[in-house]
Amino acid sequence: MKKWPVLLLFSLLFGTVYSQSYFPDKVDKKTAALYTQAISAAESEHFKEGISLLDKAIQQDPKFVDAYLSRAGMYGELKDYKSAIQNYEFALGLDSLYSSDYKLPYSINLCGNGDFEKALAAVNSFLTNPKLNDVSVRSALYRKKTYEFAIEYKKTHANAYLFEPKNMGDSINTIDGEYYPSLTIDGKTLVFTRRLNNFNEDFFESHFENGVWRKAHPLEGDINTPQNEGAQNISQDGQWLVFTGCNFQGGLGSCDLYFSVHTRRGWSEPQNLGNNINSEFWESAPCFSPDKRDLYFASRMPGGVGGTDIWVSHRLPSGRWGEPENLGPEINTKGDESCPFIHADNQTLYFTSNGHPGYGGDDLFMSRRKPDGTWGKPENLGYPINTVENEGSLVIAADGRTTYYASDRADSRGGLDLYTFQIRDDLRPFKTLWVKGKVFDKNTKAGLPSAVELIDLQTTQTISKVQTDEEGNYLITLPIGKDYAFNVNRKGYLFYSENFPLSKKDPDSIYQIDIPLQPIVANASIVLKNIFYETNKFELKPESQVELNKIVQLLTDNPNLKIVINGHTDNVGKDADNLTLSNNRSKTVTTYLAAKGISQSRLQAKGFGSSKPLSDNKTEEGRAMNRRTELSVLSN
């Protein structure tokens, strides 16, 4: 953002008002020559050189008002707000009337320094000048609105939050620009964009090992090219990468979204995501949901709310991406929204906007998904995360605290660098659990690519469904406070079923669950862990429906398969009663299957009472294991 650092630009905007105490035409010629050189340096964006020349000019003429004003503007360009403020105030002290036209950039620097009340007073004073042109009035009124927002926000969000962004250091940052961080769920792989030689954008990665980030290196494989690749997002499991490519051969518009998969030899050659996603207009800033079922991105395609809007596309069963849906007027405005980041909780969205009330330019916002799937009112992340400058993309690690973003702060190695900080408590995403593991053949131990599904046992809704990688590895993130059915299906194998009572587990926890799948052969069996009955009764609980429907699907996919449902109890009570109960429970399951269209000739039901325990009946844990329903293969 420009702050009009030189006197000539402000003279054009406002016209200069002269007072009796300062006369520019009486400045010594040698001093004036230094000033002219400084202006030339500033126009080439060599602000430090310009400041050095102005220092010399002020040494020769300590009352050179124009030099203080221009030096203030140059410090502002370097985001050295305190030095800018000091120079504006010194100039105002030397000649308040002559310097009054500069109260607008003075106010901007006050805002940059967090002095919002003083900034508002300065811009109000600036607006009292009757000779301002329309451009100046509009600019000042816009700034006034942002300062009033900042003051009100400060009143309603007073706390002891300490914002301490730390440069990620020389392993990550260089004299080139680094920006657009993205992170895997385990927090061990950071992928970002680096602008090499201020021209070519490529992707780099760093790995977190032994408490430090290792030296970043280019992504391996076929993804980096002589063209510009940028604004990337790596999936939470580290297997997919989606990014923006501009002016690629065969592209559909100026900037399209592309997709790459991680393989044994690195990242695959990028593929255009096609015309369901890309248009003749502009698409950028993509982000996968944690389960890779949704793709959020920014686009200028028609049908939106404003200029650049945030859209979402849902992945279809075929693997293709569906028609994009606009996130609507709660998120999008008549201005520009971009840089969406959906956290691992799959419920908290962060993005940039210049259309919602803020501090000026692009600010960062947060919105939470409501139970009905719509988005809540966006909340500005507030100062000092948001500033008078334009803010860019932000990502938050699975712990809900550790945040990464790009900034060109005073300690940057060159241009934009990557920084990390702890986000304010009330801006944190929801706490999550995550489960990782490997699906494999129980007999051969070979990894099996499979679909892994988690279902809310209470609502029977699918919470998450992910595809493993080619080695069978998977990763799933989960909202806390729920109990889940955990299912895996693969043709030629019995499905895997596990009951996860996670509603009382600690948040921000990691669970390792390796999943053995049994080939469908005679006598192969599985315990149906998500079949539930009332105590001492054989009526099925509603939450059993998820598991029962999996059996229906198994039998439908394998039309020659014949099975037996075996019922078992613990040893509490009379043997005869337990045998009757186990028989009735197994028959209840086959009755359900038959009602769903499965031929009765393919089904048998047997009860064994307490005669075949899996564990000792002396403990509640052992008795719980013995109370079970099993599926066993008769023939295939």
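What follows is calculated from the coordinates using simple rules that are stated; it is not laboratory data. Predicted model, so just to flag it, every value in this text is computed and none were measured. All Cβ positions, even for glycine, are placed from backbone atoms using ideal geometry, and neighbour counts span all protein chains on display.
Helix-only arithmetic for the chain: the sum of -39500 (n - 2.57) across DSSP H runs with n ≥ 4, divided by the residue total, places the mean residue ellipticity at 222 nm at -7500 deg cm²/dmol.
Apply 1/(1 + (r/R0)^6) to the Cβ-Cβ distance of F532 and D170, taking R0 = 60 Å, and write down the FRET efficiency to the nearest 0.05. Provide the component values of the computation, followed by the final result.
Numbers: r = 56 Å, r/R0 = 0.94.
After rounding, the FRET efficiency stands at 0.60.
Summing Lys, Arg as +1 and Asp, Glu as -1, what charge do residues with Cβ under 10 Å from the Cβ of K292 carry, K292 excluded?
Values: positive: R293, R315, K465; negative: D237, D291, D294.
Net local charge, K292 excluded: 0.
Among beta bridges from DSSP that stay inside the chain, the antiparallel ones total about 90%.
If you add up the charges near F64, with Lys and Arg at +1 and Asp and Glu at -1, over every other residue whose beta carbon is less than 15 angstrom from its beta carbon, what do you get?
Values: positive: K26, K29, K30, K56, K63, R71; negative: D25, D28, D55, D61, D66, D95.
After counting each charged neighbour, the total is 0.
The label point for S96 and the one for A121, both projected 7 Å from the Cα toward the Cβ, are 1.1 nm apart. Between amide H atoms placed 1.01 Å from N, distances below 5 Å from G573 occur with no residue 5 or more places distant or on a separate chain.
Return the subset of K529/K587; K445/K606; K574/K606; K118/K144; K103/K145; K215/K436 for which the Cα-Cα distance in this structure is over 21 Å, preserving the input order. Can you show the working numbers first?
Values: K529/K587 17 Å; K445/K606 31 Å; K574/K606 18 Å; K118/K144 11 Å; K103/K145 16 Å; K215/K436 27 Å.
Table pairs above 21 Å Cα-Cα are K445/K606; K215/K436.
When percent of Cα pairs over 30 Å apart is computed from the coordinates, the matching label among (i) 64; (ii) 73; (iii) 68 is (i).
For the chain, relative contact order (Cα pairs under 8 Å, six or more residues apart, normalised by length) works out to 8 percent.
Which translational diffusion coefficient, to the nearest whole µm²/s, is obtained for the range 98-199 from the Stokes-Einstein equation, given a Kirkwood hydrodynamic radius over C-alpha pairs, 20 °C and 1.002 mPa s?
Values: Rh = 17.2 Å.
D = 124 µm²/s.
Counting only other residues whose beta carbon sits under 12 Å from that of F281, what net charge do I get with K and R as +1, D and E as -1? It works out to a net charge of -3. Descending by average beta-carbon neighbour count within 10 Å, the peptides 305-315, 327-337 line up as 305-315, 327-337, the highest first. Backbone geometry of the range 608-619 corresponds, through the Karplus equation with coefficients 6.51, -1.76 and 1.60 at θ = phi - 60°, to 3J(HN,Hα) couplings of 10, x, 9, 6, 10, x, 8, 9, 5, 7, 7, 10 Hz, x marking Gly and Pro. Annotation: the range 520-636 has a Kirkwood hydrodynamic radius of 14.3 angstrom, from the mean reciprocal C-alpha pair distance. For the range 431-518, relative contact order (Cα pairs under 8 Å, six or more residues apart, normalised by length) works out to 39 percent. Here the spin labels are modelled as points 7 Å beyond Cα on the Cα-Cβ line, and at R401 and K596 they lie 4.4 nm apart.
Classification of the range 392-443 by its C-alpha gyration tensor yields an oblate form. The axis ratio a/c (a ≥ b ≥ c) is 1.5 or more, and b/c is at least a/b.
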